[in-house]
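Chemist: Dumping the structure here so I can ask a few things about it.
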Amino acid sequence: MRRNAQHSRTETRSIQRSVQILLTVCGIVFLLAGLVLAASGASVSSAVGSVSDRLDDAQQPADDGGDTADSDSVGDGDATTDGVGGTANETEETDSTDSTDTQADETDSTNSDGSNETTTDESHVLTAVVESQNGDVIDNATVTVDPGSASNVSKSVDENGETEFVLEDGEYAVTANADGYKTTEKPVQVDGTDQTITLTLEQQTQADSDTDDSDGTHTLAVTVKDENGTVVENATVEVAEDALLFGSNEKETKEVNDDGEATFELEDGEYTVTANADGYTFAEPKPRPVTIDGGDESITLTLESKDG
């Protein structure tokens, strides 16, 4: 009885082991089958993609050719259908282009005749520098450019005595003036490049300036020097009108400038002029008589050094 039971258990265990082995083998088989299928699927997908790409490449030239043919046929059809209309459209486009070119030419012409000062192709910068005879900057000067055929252009100089003008090629008259200086003019030729010019102003005296004769006055310029002919810079000049009987004797006194000169605006008449300075005596035996009669006058008075 016991032998039968043991034999039965042995058979049961044997069957269980066989089943386990079978299941293990089946699992391995299924795993290998899955790997094979996966590899086969990738290959198939790649093959399908390659075939699809080849089909697209093969169809592309045909499509392009078809499009070209269609495009050509449509173009030909339009040309045939439109006839003169197509030519008219092309003519209109040509006219539009010509009109644009004409406008561009007109713009160039406008720039070339000097109406547009910002044009840089045919315009150049003229820099004017204003200075005195001593080379000092004159910062209160005004510079005027006269083109001859158009209106003048005037500009004030900066603190460096400079100002700039944008000018086209041509001939110009450039004038500079400032208070206390004589006006000077200089011809300038602008020809293809920028350039700089220097305008030198000479200090002006009342004797040099034109006076208005309508008020009946004229300029008397008096220069004071010592016995050696050297300018006396600290001198004072007095001009007195000759007094008539019971008349007034009006006087006017001025100090000389750095050039030893003093100027007076006088009416026609008889005057006496004297000069004095510290350290000097008036060399004239008496006041110097001067007659103003319809014009400017200029005289020199001599002082003698007291030490001499």
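Chemist: Got a sec? How would F264, F282, F30 order by Cβ neighbour count within 10 Å, fewest to most?
Modeler: In increasing order of surrounding Cβ atoms, one gets F30, F282, F264.
Chemist: Neighbour counts of other C-beta atoms within 10 Å: give me R17, R288 arranged from fewest to most.
Modeler: Listed from fewest to most nearby Cβ atoms, that is R17, R288.
Chemist: May I pose another question? Using Cα pairs under 8 angstrom and six or more residues apart, how large is the relative contact order of the range 213-305, in percent?
Modeler: Value for the range 213-305: 39 percent.
Chemist: Past the 19 Å Cα-Cα mark, which pairs from K251/K286; K251/K306; K225/K251?
Modeler: Violating the 19 Å Cα-Cα cut-off are K251/K306; K225/K251.
Chemist: Given a Förster distance of 41 Å, report the FRET efficiency between Q203 and E122 from their Cβ-Cβ distance, rounded to the nearest 0.05.
Modeler: My answer for the efficiency is 0.55.
None of the figures in this text is laboratory data; all of them are computed from the coordinates on show. Just so we're clear, the structure is a prediction, and the values are computed from it rather than from any experiment. Because the Cβ atoms are built from the backbone with ideal geometry, glycine has one as well, and the counts that use them run over all protein chains shown.
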